1. Could you tell me whether I173 is touching a Gly at 6+ places or on another chain (Cβ under 6 Å), in contact (Cβ under 8 Å) with a residue 12 or more places away in the chain and within 15 Å of A236 (Cβ to Cβ)?
2. Has the range 343-356 got at least one residue that is in contact with an Asp or Glu (Cβ under 7 Å, 6 or more places away or on another chain), β-branched (V, I, T) and under 26 Å from C176 (Cα atoms)?
3. Select from the range 105-117 the residues that are surrounded by 21 or more Cβ atoms within 10 Å (Cβ to Cβ) and in a helix (DSSP H, G or I) and list them in ascending order.
4. Can you spot a residue in the range 178-194 that is without any contact (Cβ under 8 Å) to a residue 12 or more places away in the chain, surrounded by fewer than 17 Cβ atoms within 10 Å (Cβ to Cβ) and outside any loop (DSSP other than H, G, I, E, B)?
5. With the condition kept exactly as written, say whether any residue in the range 213-228 is modelled with pLDDT of 95 or more, closer than 24 Å to F109 by Cβ and among the polar types (S, T, N, Q).
6. Give the range 19-37 a look and list any residue that's closer than 21 Å to I210 by Cα and crowded, with 20+ Cβ neighbours inside 10 Å, or say none.
7. Among the candidates L59, L3, which residue alone is surrounded by fewer than 16 Cβ atoms within 10 Å (Cβ to Cβ), on the phi < 0 side of the Ramachandran plot and either without any contact (Cβ under 8 Å) to a residue 12 or more places away in the chain or touching a Leu at 6+ places or on another chain (Cβ under 7 Å) (or both)?
8. Any chance the range 149-166 includes a residue that's modelled with pLDDT under 95 and surrounded by fewer than 16 Cβ atoms within 10 Å (Cβ to Cβ)?
Amino acid sequence: MKLFDVYPLFDINIVKGKGCHVWDDKGQEYLDLYGGHAVISIGHCHPHYIEKMNNQLHLLGFYSNSVINKLQQELAERLGHISGYDDYQLFLVNSGAEANENALKLASFHNGRTRILSAEKAFHGRTSLAVEATDNPKIIAPINANQHTTYLPLNDLAAWEAELAKGDVCACIIECIQGVGGIHLATPEFAQGLLAACRKYGTTLICDEIQCGYGRSGKFFAHQWLGIRPDIITVAKGIGNGFPMSGVLISPEFKPTYGQLGTTFGGNHLACTAALAVLDVFEEEHLVENARDVGDYFIQQLKLLQASEPHITEIRGRGLMIGVVLDVPQKDLRTKLIHEQHCFTGAASSNILRLLPPLVLSRADVDDFIYRFRKVLHSL
């Protein structure tokens, strides 16, 4: 058997990681400014994370959701406290797409409707409803194209209000900082107006915080920059620092019933241990604050670089979620960064470099990247 060939791969075999660095099987070190699609939050192979996971494996890796799991209860309490959502409820699953599936399903249970409003350029996952809410026809199979979703421009409040006024919208789902879509930020005016309109017309507001949340923006959730409290919040990626895990934070207005939602693996003992270890490090190393401080410095340094480098046309982002807009294809630049400067970055569209480093990134790491990035720009 061979692998189903759906990933265009760099010819590099990464075998080791530490902090913001990874190494290939030839011993070459790389600066990691992408964190495996924003997954690595507390750095590769953090010693506290390793210790906690190892200890739990010696006790119990998995048992089903048919019995009490006090690790789930501890995670719910701690996540509620650190995020400012003590009064919300937590449902644990395994991936970002699964979190969004359950969020949309719950919204439909709540108001009995079926229509979704999503933003142009949105990405919410690759399965069923999540992919239908994703604005990319190339990954929506005919079986998923069920005309549930209307795509509207981010920040065009009038357009969203006009659709909501029809009275048939189940949920609005937004990324407060779009990732795959190009690091576009929702404005406070849009977010607050959208929440008010959702309240007026009985529609559920879902904030997809899978990439922009969990401290990456410099607040625990990106929507907290916008002055709103959505009905449902989805999280994944950084929650487990690489261990597959996700969650749905649910307003107390939603009343659960037995069997309404379910999962085999979600919230298992090892997954909860990973998430608790991440929160330990968040608190002990002040990683949300670090994302804000180092992120501000990073954006400042990139804007200084932009002033002398005509290939950079715009810097977007907040915290450690940054987009560098170029006047050249990002593919050429990323290839040079990887093979010549040994630095991993991401991309959005054809001309945007996407930077999603671990939240332990330091100012020295930023300076190192700027030095490597400048050398590549000069070689174009």
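1. Answer is no for this residue.
2. no
3. L106, A107
4. no
5. No, the range 213-228 has no match at all.
6. Passing the criteria: C20, D32, L33, Y34, G35.
7. Answer to the selection: L3.
8. Among the residues of the range 149-166, not one is modelled with pLDDT under 95 and surrounded by fewer than 16 Cβ atoms within 10 Å (Cβ to Cβ), which makes the answer no.
The values are calculated or read from the model by the stated rules, or taken from the named source; none is laboratory data. No experiment lies behind these values; they were computed from the predicted model shown. Virtual Cβ from ideal backbone geometry, glycine too; neighbours counted across all protein chains shown.
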